[in-house]
Amino acid sequence: MMGLEYGAAAGRSPATLRARYDGGAIGRTSGGTGGRPPGGQLRGSYGLFIGGSFVPGSGVFKTVSPATEEVLAEVTHGTTEDVDRAVAAARQAYERVWSVLPGRERARYLLRIARLLRDRAPELAVIESLDSGKPIRQTRDVDLPLVTAHFFYHAGWADKLAYAGFGGTAAAPPNQTLPNQALPNQALPNPALPRPLGVVGQVIGWSSPLLMLAWKIAPALACGNTVVLKPAESTPLTALAFAEICAEAGLPPGVVNIVTGDGQTGQLVARHPGIDKVAFTGSPEVGKEIAKSAALWGKRFTLELGGTSANIVCADADIEAAAQGIVEGVFIRQGHACCASSRVFVAEEVHDDLVAAVRRRMAALRSGDPLDEATDIGPVNSRGQLDKITELARSAEADGAVHWSAPHEPPDRGFWFPPTMFAVVKQEQRIAREELCWPVLTVSSFATPDEVVDRTNSTRYGLSAGVWTRQGELSAWLAARLRAGVVWVNSFGGLDPAVPFGGFQESGFGREGGRHGLEAYLDLPGAWTPDV
Ligand code: NDP
């Protein structure tokens with residue numbers, strides 16, 4: 001059997017892993033179906049994936065490893081003409097093939113993609129770690145299983161949209177089609193059923209790139225839409241590997257198109273008149289710009305934006321468990337998660353115990369090569385992100401925030417920032433208010449549950465929160481009052497494709513995952529079919 005066996009026999013060192021990857025030994029775990037040699041190989045350069053194959057464009061940029069700054073591949077910079085081509089390919093695929101394909105046929109394609117993702121998971125995890133800097137334990141053990149699960153989950157919905165509760169009821173869904181007396185061989189789609197929206201433009205960021213792609217593409221395809229997706233400039237490689245998987249799965253050309261590029265390419269996708277809906281994951285600033293242009297053009301849109309999630313530790317909490325949850329919630333992905341638990345509020349009585357427990361764990365974290373099995377924290381994703389956190393940390397110090405960083409000797413090259421805790425933070429300081437998408441957290445204490453609710457809700461965000469207490473009623477009381485799309489109790493950060501995820505306020509709106517996530521990709525019926 002081919003494939004990656006992480007462990008002593010396979011060689012755990014990053015150099016060995018990289019060599020095995022370059023040599024093609026890391027690949028699918030079972031045989032595949034043509035089109036691509038077994039074993040993973042990064043190409044030296046990538047075109048744009050339009051109409052089912054890679055096509056050249058006019059400009060290129062380089063994507064680099066944030067750990068070493070070495071160039072990983074040259075990637076094409078999508079221009080106006082390229083986005084036009086991609087949207088035209090998606091439109092044609094939508095009208096001629098995908099929107100008229102029965103749900104059970106769409107499900108078969110999604111299942112094929114899911115199986116290929118599962119087979120190529122070891123290779124995709126390595127590419128993700130190389131390109132994003134996320135440690136291999138995260139990409140391999142958390143991201144890739146979730147990516148695959150999203151495709152399996154949404155394959156299950158593709159032929160059951162009539163049962164999703166959008167028209168009819170689960171017990172009595174309306175008929176899929178109605179008889180057509182004018183053209184007896186051509187069944188009429190039932191207008192009481194939800195319909196796909198058309199061509200969806202999807203623009204995503206650099207934190208969890210392949211997972212963000214799966215969150216967006218799987219439901220869009222399940223509901224019968226076609227897609228033009230623009231990955232982040234600093235993390236395009238897994239989206240391009242996903243394009244290879246679409247081709248290998250025999251997905252009809254144009255159903256998925258991947259256009260790489262920078263923010264300008266993202267703008268071209270989001271503003272394109274041929275796009276029916278924009279689905280965006282990224283910063284609130286860009287999200288607002290997209291909302292404005294989508295509203296002007298009367299397009300549907302959903303925004304999954306940033307957050308600055310709170311972790312609330314009550315006086316009766318299991319302090320060691322809370323400290324572990326806090327460290328995993330923020331540092332393990334170097335803070336590169338919209339739901340990173342970067343604001344810790346701890347009850348005064350246990351403040352010192354919690355800070356000591358968190359510091360102990362921070363000191364034990366190993367930062368280093370993302371491909372090393374022993375690495376807990378990789379580099380920050382890009383020089384731009386490193387500059388942002390460095391500037392914010394300096395401003396916090398100037399504002400008088402006391403900070404502590406774990407011992408850290410960064411390599412000469414790469415974008416490294418030490419795991420850092422800011423204590424004695426005042427609410428009005430920037431470090432307490434702005435999104436921290438980096439390996440940084442702030443800690444402050446609270447006296448009463450009312451106070452912590454007010455302080456948690458005092459930001460412009462509202463994505464997620466954690467509550468640590470042994471009292472069920474207290475956790476329920478807090479969860480009901482926190483303005484956050486997701487509240488975890490005595491844990492932090494668990495995700496599941498069946499559970500909707502999304503925020504309030506400047507964390508965006510619209511949900512991804514579960515039945516609610518389907519709604520974002522469907523035109524719901526205006527006509528109501530009474531229960532029969
Ligand atoms: P940005 O908003 O800068 O970028 C997101 C995407 O939009 C990238 O592909 C980017 O391209 C593109 N883009 C940039 N400018 C424009 C524009 N004017 N019009 C259209 N597209 C544009 O965010 P970041 O890349 O900094 O992503 C991090 C943010 O994403 C954080 O705020 C994080 O919290 C949030 N996030 C939210 C999640 C959620 O589910 N709520 C999940 C993960 C992250 P390019 O990369 O080339 O600049």
Quiz item: Can you give me the Cα centroid spacing of the range 416-461 and the range 247-278 in angstrom?
Solution: 37
Quiz item: For the chain, with the dipole built from +1 on Lys and Arg beta-carbon atoms and -1 on Asp and Glu ones, taken about the Cα centre, which of Leu117, Val355, Ala480 lies farthest toward the positive end?
Solution: Leu117
Self-check item: CD proxy at 222 nm, helix term only [per DSSP H run n ≥ 4: -39500 (n - 2.57); per residue of the chain; nearest 500]
Solution: -11000 deg cm²/dmol
Practice problem: Excluding residues on the same chain fewer than 8 positions from Lys134, give the aspartates and glutamates whose Cα lies under 12 Å from its Cα. | Solution: Asp143, Asp369, Asp372, Glu373, Asp376
Practice problem: Would you please classify the overall shape of the chain from the alpha carbon gyration tensor, given that a ≥ b ≥ c denote the square roots of the eigenvalues, rounded means a/c under 1.5, and beyond that prolate means a/b larger than b/c while oblate covers the rest? | Solution: oblate
Quiz item: When we measure straight from the Cα of Lys160, which lysines land under 21 angstrom away, once same-chain ones fewer than 8 places off are left out?
Solution: Lys216
Quiz prompt | Charge context of Ala279, other residues only, Cβ under 13 angstrom, K/R +1, D/E -1 | solution = +2
Quiz item: For the modelled label position 7 Å from the Cα of Arg383 along Cα-to-Cβ, which residues of the range 204-248 have backbone nitrogen atoms closer than 17 Å?
Solution: 233-235
Quiz item: So in the chain, what percent of DSSP beta bridges are antiparallel if you round to the nearest 5?
Solution: 35
Quiz prompt | Reach of Lys230 by Cα under 14 Å, taken over aspartates and glutamates that are not fewer than 8 positions away in the same chain | solution = Asp82, Asp84, Asp262
Quiz prompt | Paramagnetic reach from Arg460 (point 7 Å along Cα→Cβ, amide N under 17 Å) across the range 505-522 | solution = 505-509
Quiz item: Counting only DSSP beta bridges with both residues in the range 310-494, what percent are antiparallel, rounded to the nearest 5?
Solution: 15
Exercise. Determine, for each peptide in 512-520, 494-502, the mean count of other beta carbons within 10 angstrom over its residues, then list the peptides with the highest first.
Key: 512-520, 494-502
Exercise. Kindly rank 108-116, 479-487 from highest to lowest mean number of other beta carbons found within 10 Å of each residue.
Key: 108-116, 479-487
Practice problem: Please give the contour-minus-distance gain from Val499 to Val60: 0.36 nm per residue of separation, less the Cα-Cα distance, rounded to one decimal in nm. | Solution: 154.2 nm
Quiz item: Using the alpha-carbon centroid of each, what span in Å lies between the range 470-511 and the range 285-319?
Solution: 13
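All of the numbers you see were taken from the coordinates with simple rules; none came from a lab. Since the structure is predicted, the reported quantities are computational estimates derived from the model, not experimental observations. Every residue, glycine among them, receives a Cβ derived from its backbone with ideal geometry; neighbour counts consider all protein chains shown.
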